[in-house]
1. If you roll a 1.4 Å probe over the heavy atoms of the protein chains, what accessible area per residue do you get for segment 162-247, in Å²?
2. With θ set to phi - 60° and the Karplus curve 6.51 cos²θ - 1.76 cosθ + 1.60, what are the ³J(HN,Hα) couplings of segment 127-133 in order, to the nearest whole Hz, using x for Gly and Pro?
3. Quick one: Karplus J couplings for segment 89-96, per residue in order, coefficients 6.51, -1.76, 1.60, θ = phi - 60°, nearest Hz, x for Gly and Pro?
4. Cα centroids of segment 156-171 and segment 230-251: how far apart, whole angstrom?
5. Give me the net charge of GLU141's neighbourhood, meaning all other residues with Cβ under 12 Å from the Cβ of GLU141; Lys, Arg count +1, Asp, Glu -1.
6. For a quick check: with amide H placed at 1.01 Å from N, whose amide H comes under 5 Å from ILE51's, ignoring anything fewer than 5 positions away on the same chain?
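The values are calculated or read from the model by the stated rules, or taken from the named source; none is laboratory data. Computed from a prediction, not measured in an experiment: that's the story for all the values here. Heads up, the Cβs are rebuilt from the backbone with ideal geometry, glycines too, and the neighbour counts pull from every protein chain shown. SASA here: full protein model, heavy atoms, side chains in, ligands and nucleic acids out. Shrake-Rupley method; radii C 1.70, N 1.55, O 1.52, S 1.80 Å.
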Amino acid sequence: MERLLTMFEEADPFATWWPTIAALAVGVVITVRTLMSGQRCPNDNQINEQIVVVTGGNGGIGFEIAQALAGRGGRIILACRNLKAGERAAGIIKRELGCRTPIISPDEDDDPADRYFVEARYLDLCSLRSVHHFASQLMAEFERIDIVIHNAGVVFANTHVPTEDGFERHSQVNYLAPFLLTQLLLPHLRRSEQGRIVFVSAHAHQAAKIDFDDPLNVGTWAVKFHAREAFAHSKLCVLLATRWLARELKGTAVTVNCCTPGLVRGTRHFRK
């Protein structure tokens with residue numbers, strides 16, 4: 001033991017490069033994490049009574065978005081394929097926000113969570129029929145839609161099994177169905193003072209390939225498409241469609257944007 005202590009006391013940290021290499025490695029890791037994590041929203045603007053649709057809002061990024069916007073006064077609609085999980089997420093959001101809100105009413109039965117409008121609706125992006133049904137329900141119930149956030153998506157799905165509409169799963173869930181939903185809700189978005197459309201993309205679009213003879217990957221060769229390539233392809237489609245739609249909506253009160261959140265824990269994208 002004494003010999004070991006003597007070694008540490010006499011050790012010269014500058015006699016070897018390993019401490020420097022270790023410090024640089026730690027610095028790189030911290031820098032990457034800082035850059036990838038982004039920054040918090042620089043304002044606390046309220047969106048009182050604005051109607052917000054968040055696809056895939058029962059978990060991951062969608063859940064956090066829904067909770068943040070609900071806390072700012074928005075009326076949140078979680079569009080989820082798993083309705084039970086969506087209803088559970090809505091209850092959690094209302095309960096957590098309610099716990100942070102002081103009870104103002106003298107009525108002891110007043111529940112702070114009741115001040116927040118968060119509810120789940122069924123939407124299966126693998127079915128264009130479900131998209132039509134979801135959109136028609138919203139347009140019949142609400143006079144306008146203020147914000148649509150297309151967060152739901154798939155990655156590493158089975159490319160050999162098409163959707164019921166005959167499209168490759170990544171193409172439909174990540175691109176076709178969200179774009180169709182946008183088009184269907186566009187008349188209601190135009191009724192908003194400042195309609196907003198947000199597509200969640202990914203850096204993977206940089207590695208995408210598109211065959212313009214078969215841009216939606218429905219050809220016979222598409223079964224050989226690797227899931228990683230299919231995901232990248234769908235995100236490039238999202239990016240291109242966003243740019244096109246932005247030009248179409250120029251001069252209107254509706255804006256459309258595409259964002260890349262980077263690597264985010266808790267999205268369950270890598271569960272397969």
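1. 50 Å²
2. Each residue of segment 127-133 in turn: 10, 5, 5, 5, 5, 4, 5 Hz.
3. 5, 4, x, 5, 4, 5, 5, 5
4. Here the answer is 20 Å between Cα centres.
5. Net of charged neighbours comes to +1.
6. Under 5 Å from the amide H of ILE51: ARG75, ASP146, ILE147.
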